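Structure, as structure tokens:
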Amino acid sequence: MTTQHSPPPRPIQEAPSTAPAPDPNSLIAILHAIGAGAAADGQPWPERHLLRSRQMAMSDADCAATGQRIVQEILLAAERTRQNGEPEQYVGDRVMEGLVMADMALTAFIHERMRPKD
């Protein structure tokens, strides 16, 4: 039987609240979980033998890789629309350039987070 080395991430609260518990699938709850080191699937990084800072870096890279895939899917859909769709459906060159720049920024971030610190 394996035991967790650390408790699951949860938001820090200043004082106990009498309000009902927030929905764990709400935007705010998910953002808190991501900020606490949840991977792209909402769970902490599964490798427990890593240092906590490395677990956070891997979770960050995992989330960024998921975001990168979404940006690439949008970029591909926009390019297919440009090639095959009606002209009024095309998002425009500035949006296409912005999507490429977002993809490049995510790639750089993923690369930085994946590299071990010296």
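Tabulated results
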| quantity | calculated |
| --- | --- |
| Helices (runs of 4 or more DSSP H) completely within region 27-118 that count 2 or more residues being among the aliphatic types (A, V, I, L, M) and either at pLDDT below 85 or touching a Lys or Arg at 6+ places or on another chain (Cβ under 6 Å) (or both) | 27-35, 52-84 |
| Some residue of region 96-103 being under 13 Å from A65 (Cβ atoms) and not hydroxyl-bearing (S, T, Y) | yes |
| Every residue from region 47-61 that is over 13 Å from P116 (Cβ atoms) and exposed (fewer than 11 other Cβ atoms within 10 Å of the Cβ) | E47, H49 |
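The values are calculated or read from the model by the stated rules, or taken from the named source; none is laboratory data. Computed from a predicted structure; not experimentally measured. No Cβ is skipped: glycine too gets one built from the backbone with ideal geometry, and neighbour counts run over all protein chains shown.
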